[in-house]
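Each reported figure results from applying straightforward, stated rules to the coordinates on display, with no laboratory input. Computed from a prediction, not measured in an experiment: that's the story for all the values here. Note: ideal-geometry Cβ built from the backbone for every residue, glycine included; neighbour counts use all protein chains shown.
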Amino acid sequence: MKTYELVCAFRIKEGQDVAGIEAVKKILTDHSVEIKSEEDMGDRELAYEIDRETRGRYRLFNVELNQEKLPKIEDELKLRPEILRYLFVVCG
């Protein structure tokens, strides 16, 4: 099991950020991922426009997961319309 940081940028409009955060938590728990900590990084201006969005709500998750599960998790994250972008980074 490795420790990762997962950073997600969510759509802000119509409460999609809250729905997106809950969706990410559900995806992670469905794959037996341990969420060590979670930090709200707030609303930020995007570096470039994504799907006509210029701002996003950023959230940082510190998670521990089995490396083999990562492709499945990424596939599910790609299907969520509330998520503008995500990035997994290996810690340590």
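Tell me, in nm to one decimal, what length is gained between residue 32 and residue 49 on full extension, where the rule is 0.36 nm per residue of separation less the Cα-Cα distance?
Going from the current span to full extension adds 2.8 nm.
Annotation: amide H of residue 46 within the under-5 Å range of 55, 56, sequence separation 5 or more or interchain, hydrogens built in the peptide plane. Packing here is the average count of other Cβ atoms within 10 Å per residue, and on that basis the peptides 29-39, 12-22, highest first, run 12-22, 29-39. Extending 7 Å from the Cα toward the beta-carbon at both residue 41 and residue 72 defines two label points whose distance is 2.7 nm. Using the Karplus relation 6.51 cos²θ - 1.76 cosθ + 1.60 with θ = phi - 60°, the per-residue 3J(HN,Hα) values for the stretch 20-33 come to x, 4, 5, 5, 5, 4, 5, 4, 5, 5, 5, 9, 6, 8 Hz, with x marking Gly and Pro. Computed from phi, the 3J(HN,Hα) profile of the stretch 56-65 under the Karplus parametrisation 6.51, -1.76, 1.60 (θ = phi - 60°) reads x, 9, 9, 9, 10, 10, 9, 10, 10, 8 Hz, with x in place of Gly and Pro. Other residues lying with their Cβ under 11 Å from the Cβ of residue 26 contribute a combined charge of -1, Lys and Arg counting +1, Asp and Glu -1.
In the neighborhood of residue 38, defined by Cβ-to-Cβ distances under 9 Å, what is the net charge if each Lys or Arg adds +1 and each Asp or Glu adds -1? Working shown, then result.
Numbers: positive: 25, 36, 59; negative: 39, 40.
Around residue 38, the charge tally is +1.
Only Cα sites of the stretch 2-90 enter the Debye sum here, all with the same form factor; the resulting log10 I(q)/I(0) across q = 0.22 1/Å is -1.07, listed in q order.
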